[in-house]
Structures are given as C-alpha cells and as structure tokens.
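The values are calculated or read from the model by the stated rules, or taken from the named source; none is laboratory data. Worth saying up front: this structure is predicted, and the values here are computed from it rather than measured. Quick reminder, even Gly has a Cβ in these numbers, built from the backbone with ideal geometry, and neighbours come from all protein chains shown. Areas reflect the complete protein model, heavy atoms only, side chains present, ligands, DNA and RNA absent. Shrake-Rupley method; radii C 1.70, N 1.55, O 1.52, S 1.80 Å.
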Amino acid sequence: MSDPHNKELNFATLPGDGIGPEVMAIAMDVLRAAGERHQFAINTSSHDVGGIAIDNHGSALPDSTLDACSNADAILFGSVGGPKWENLPPKEQPERAALLPLRKAFRLYANLRPGNLYPELSDLSPLRPQTVANGIDVLCVRELTGGVYFGQPKSTTTLEDGQEEAIDTMVYRTSEIERVTEVAITAAKLRSGKICSVDKANVLETSVLWRRVVAEKLAAEAPELELSHMYVDNAAMQLVRDPNQFDVILTENMFGDILSDELAVICGSLGMLASASLGADQNSHGQPFGLYEPAGGTAPDIAGKNLANPCAQVLSAALMLRYSFGLEDAANNIENAVKAAIREGALTGDVAQGGPSVSTTEMGAAIIARLN
Ligand code: IPM
Ligand code: MG
C-alpha cells in the first residue's frame, strides 16, 4: 500500500520544564490531527532541555539534545526554568544556558514574535478599552544572534583599585542587519506593508549603522513598503499609546527583547503568544531551519494540573508548519481553529476572567474539533 502522506516532518521536540510537557502534548495532538487533513506525517523524537536536562544530564543543553536538533529540520521548543534551578549562577540558569547556545548553534538570527489580541479577548489587555477595541495585530521582528547579547569583549574583571568592572559590547555588521531586514520585508509584504525600524541612533553607533542599512535595503529591494524609524524610548511609549499604529517592528536584539515583552503584556495573556526563530541554514525541505516556542514561560504554579493554556504552544507549532515546512494551509487551519475555539467560548483559566474555564486537554480537543 502506498503511503498516503506525501511529506514527512522531521523535527526535534524539546518540551522542557513546568507546563512545557503538557502543552507540548496538546500541540502534538493538534499536529497529528492536522497531518491527517493536510497529508503530512510526523517523525519526531523528544529530548531533555533546561532544568530537567540539568537534573538528568548535568547540562541545560546536553550534547544528545544538540545532536538530535542537528539531525532535524526544525525544533519545537516548550519552555525552560523553574524555582528548583533559580539559585544556580546566572550563566547556568536553564533559560540562558539552553536558549542562547541553541540560538548561536543554529544561527537563529531572526525572531518573529506576533503580538495578537483577538477582539473577543480585548478585555484582557491592560490598555484602555477604546485603544484595543478591535484587537491588536503587530509583528515584532527581533535580531537574535548579534548585538550586546553576543558581542565581544564580554567580561568581569577586578581593577587595580579593587573595584570590579563589567563589560558588554554591542556590535553589528552590515550583513547581520541586512539579513534580518530581509525577513522583515518578507513579513511586511504579507501584511499591511509597513515597517517601523526601532533604534537609538541619537546615541549608539550600532544604531546609526542599523538605520542606514535598513533604509538602503528597503530602498533597493522593497521601495513599495512604507518605512519609518523610531527611537526605542519613543517606541516603548507609542506601543502603549496606540499599538496598532505599528504593523511590523524591526529591531536589534536587546531592544526587541524588551519591546516584545511589552507587546506580549498589552496583548493580554502570555498563554496566547507564539514565536519563531529562523535560522541562516536551510533544512531538507529548502525552508529555513527554525526554533518555535511559546512566549509564556513554565508557569510552575500551575504545572502538572491540566490548567495551562496550550494555545501559544499550538500556535508555535503552526508557525513551524508555515516557516520550516512550507505548509501554509495547515498553519492557517490551526490558527483559525484556535481563533474559532476562543470565539466560541473555550477559554483556559488565564483568559476566562473568572467565567467558566476549560482544562488544557479540553482546550486541545476544542481546537482539534474546529480543524477543517
Ligand atoms: C527571550 C528571553 C531570553 C532573551 C532570555 C531567557 C535569555 O527573555 O527569549 O526573550 O533575553 O532573549
Ligand atoms: Mg525576553
């Protein structure tokens, strides 16, 4: 009998800590259900990362996990960290010791964080009702492997007078700015065609270069797009004043770290936000290798209780289908099923605002029931 599936998705599953494993289980159920409808098969294996990997292997990112990721076309990541590992030195904390090396190893230079607030959930936003009555739809494109996170020198030394001195270095090269700008251009063309590049060009050399390279790239490759530039302090303010003035926000690593958390909170629940980190390398499908993860963290207080919101993990899986496997229809189907489930009242505790709520597994079933 011939295989009815014409595409096999080979990805590494890294559920991690806290609610990671239970929301990952839902994402896998949704992916399998989508596979039946869209003719793809799933070939995945699960590996320790984060705190559980520290416990089981003595490292937040063991070689066995790294090897499995290297042999895959994408990584579906859960979340890492928790109270058990909080007292480790900063460099050994699960978040930092797992995520930063993964980003570096797979050259995941572009981080896409869609900030979506569905109009039916607009009460969840801390912003004024009139500001978010129609929901929020902003995409943050953050450079992820450069800037002050990785620039050298990076050190702490003791000076002759006995003081300590710590140094971080912010570095950007033209090529790093160009490639992330390309990602923003592609995204903006699929949206409303507007990019706001955020920098601190009134103070930082890296930002002066950033602004110039972004402008040149847009002029050369996408003059039809509307490009604006904004200083980061102003952008932080404008995001809470009127988030929908933005469509695509393009920014460097640390500014993006900060602004994307701001975007997440104005969208209400962290349990809803997915993200994609796209790599410089192509996978065996000729698409970018990528890491896909929810923005919400491990929520240790509700872990193991079947209460967590699986939507961000499910939506991250949808982003994986879109970007690393080129399965746009399947991705849309999942995203629409999540929206429909919410619109029809399937809400986990974090978004139910004291009203009736569903469990993690019930939310998963509600999503699967709404797949076309
Ligand atoms: C994020 C996180 C990470 C970052 C931390 C955990 C290293 O805040 O993904 O935004 O700063 O990039
Ligand atoms: Mg962050």
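Numerical summary
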| item | result |
| --- | --- |
| Rg ratio (alpha-carbon, reference 2.2 N^0.38 Å) - the chain | 0.98 |
| Solvent-accessible ranking of Ser122, Ser155, Ser324, largest area first, probe 1.4 Å | Ser155, Ser122, Ser324 |
| Cα-based shape type of the stretch 210-304, given that a ≥ b ≥ c are square roots of the gyration tensor eigenvalues and the cut on a/c is 1.5 | oblate |
| Additional length obtainable on full extension of the chain from Lys189 to His57, 0.36 nm per residue less Cα span | 43.1 nm |
| Computed [θ] at 222 nm, helices only, for the chain once each DSSP H run of length n ≥ 4 contributes -39500 (n - 2.57) | -12000 deg cm²/dmol |
| Relative contact order %, the chain, counting alpha carbon pairs below 8 Å whose residues are six or more apart | 21 |
| Rounded if a/c under 1.5, otherwise prolate or oblate - the stretch 126-266, Cα gyration tensor axes | oblate |
| Zone of Val171's modelled label, taken as backbone nitrogen in the stretch 104-118 under 16 Å from a point 7 Å along Cα→Cβ | 104-105 |
| Dipole magnitude of the chain about its Cα centre (Cβ charges: Lys, Arg +1; Asp, Glu -1), debye to nearest 20 | 720 |
| Under-5 Å amide H pairs with Leu9, H placed in peptide plane, nonlocal only | Ala41, Ile42, Asn43 |
| Amide H contacts under 5 Å for Leu307, placed H, 5+ residues apart | Thr360 |
| For the stretch 148-156, 3J(HN,Hα) per residue [Karplus equation, 6.51 cos²θ - 1.76 cosθ + 1.60, θ = phi - 60°, Hz, x = Gly/Pro] | 6, 5, 10, x, 10, x, 9, 6, 10 |
| Calculated FRET efficiency for the pair Ser359/Asp301, C-beta based, R₀ 22 Å, to 0.05 | 0.90 |
| Overall form of the stretch 218-372 per C-alpha gyration tensor (a/c, 1.5; a/b vs b/c) | oblate |
| Solvent-accessible heavy-atom area per residue, rounded to whole Å², over the chain at 1.4 Å | 44 |
| Area accessible to solvent at Leu218, 1.4 Å probe radius, in Å² | 10 |
| Amide H partners (placed H, <5 Å) of Gly115, local residues excluded | Val138, Leu139, Cys140 |
| Percent of beta bridges antiparallel (DSSP, the stretch 126-266, rounded to nearest 5) | 20 |
| Cβ-Cβ FRET estimate between Asp67 and Thr131, R0 fixed at 56 Å, reported to 0.05 | 0.75 |
| From phi via Karplus (6.51, -1.76, 1.60), per-residue ³J(HN,Hα) for the stretch 268-281 in Hz, x at Gly/Pro | x, 10, 5, x, 9, 9, 9, 8, 10, 10, 9, x, 6, 9 |
| Nearest-20 debye value, the stretch 126-266 charge dipole, Cβ charges on Lys, Arg, Asp, Glu | 600 |
| Proximal aspartates and glutamates relative to Lys194, as straight alpha-carbon distance under 16 Å, when same-chain residues fewer than 8 apart are discounted | Asp137, Glu182, Glu216, Glu221, Glu224, Glu226, Asp242, Asp247 |
| For the stretch 51-62, Karplus couplings with θ = phi - 60° (6.51, -1.76, 1.60), whole Hz, Gly/Pro x | x, 5, 6, 4, 5, 8, 10, x, 8, 5, 9, x |
| Carbon plus sulfur fraction of accessible area for the chain, probe 1.4 Å, in percent | 50 |
| DSSP-defined antiparallel bridges as percent of all bridges, the chain, nearest 5 | 45 |
| Residue-span extension gain [Lys7 to Asn372] - 0.36 nm each, minus C-alpha spacing | 129.5 nm |
